[in-house]
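These notes are about the structure you will find just below.
Only the coordinates and a few stated rules stand behind these numbers; no lab work does. The structure displayed is predicted, hence computed values, not measured ones. Every residue, glycine among them, receives a Cβ derived from its backbone with ideal geometry; neighbour counts consider all protein chains shown.
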Amino acid sequence: MNDETINEMIIKCPVCGIEGVAKSIMKELEIPHFGQVMETTIQCPSCGFRHSDVIALEQNDPAKYVLEINKNTMSVRVVRSQSATVIIPEAGVKVEPGPKSEGYVTNVEGVLTRFEDAVIKALNLFEDEESQKNAKATLEYIRELKKGNETATLIILDPFGQSNVVSDSVETFDIPEEELRELKTGFAHIEDN
Ligand SMILES: [Zn+2]
């Protein structure tokens, strides 16, 4: 994967509003068998705000990608756009697009690390014993997956075809019309009447 920083600038932070501290980095990445993507990262050292997104420069059809997570697929390249839903059914974890969701380019191991971090955060929020127990079991399962001791399924659904899982072992499906309507896109829903 070649990557090239094409633009780096210091901007006003969109969260704390302090001028001249936040760094915005735009990178163009060439993903083999997928094409060009633009990755944007904003980091503010003052308030800790961090956001990243990826935009595929070539538009694809809506698609559902299904890959088995095992020790051989840990380094498979994953492009998750802000509009994609990411599910690991066996672990009972799912990330849906929302205003704060991030687009990123990573690999399967990186996706597992993001889920691991999310579960650790949830562990600190839950107070009841039942939720604590469930979160701990999920965490343990994700860690076993990372070590290659377990297998599971990674499902990525993207209504705008901006995401991809780049592997010979990935299965690609169309998203049925009804399922497409139910997918969250990350945009606020506006009633048209
Ligand atoms: Zn800030």
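Below 8 Å between Cα atoms, with a sequence gap of 6+, how large is the relative contact order for the chain in percent?
Contact order relative to length: 25 percent.
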Nonlocal Lys pairs with alpha-carbon distance under 20 Å, the chain (8 or more apart, or different chains): 20
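Using only C-alpha positions, report the orientation-averaged shadow area of the convex hull of the chain, nm², one decimal. Before the final figure, lay out each step's value.
Values: hull surface 54.6 nm².
If I average the Cα hull's projected area over directions, I get 13.7 nm².
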Candidate cut points under GluC sites (Glu not before Pro) in the stretch 111-144, DSSP loop plus at most 11 other Cβ atoms within 10 Å of their own Cβ, are 127
Packing-wise, with mean Cβ within 10 Å as the measure, how do 77-84, 52-59, 155-162 rank, highest first? 77-84, 155-162, 52-59
Test of understanding: in a Gaussian network model of the chain with alpha carbons linked when under 10 Å, which of 124, 107, 134 would top the mean-square fluctuation ranking? 124
Based on alpha-carbon centroids, what's the gap between the stretch 51-94 and the stretch 6-49 in Å, whole number please? 21 Å
Determine the gain in length on full extension of the stretch residue 153-residue 6; use 0.36 nm per residue of separation and subtract their C-alpha separation, reporting nm with one decimal. 49.4 nm
Please get the size of the charge dipole for the chain, origin at its Cα centre, with Cβ charges of +1 on Lys and Arg and -1 on Asp and Glu, quoted in debye to the nearest 20. 720 debye
Among 152, 122, 63: highest mean-square fluctuation, GNM of the chain, C-alpha pairs under 10 Å: 122
Which of 98, 16, 132 sits farthest toward the positive end of the charge dipole of the chain, with +1 on the Cβ of Lys and Arg and -1 on the Cβ of Asp and Glu? 16
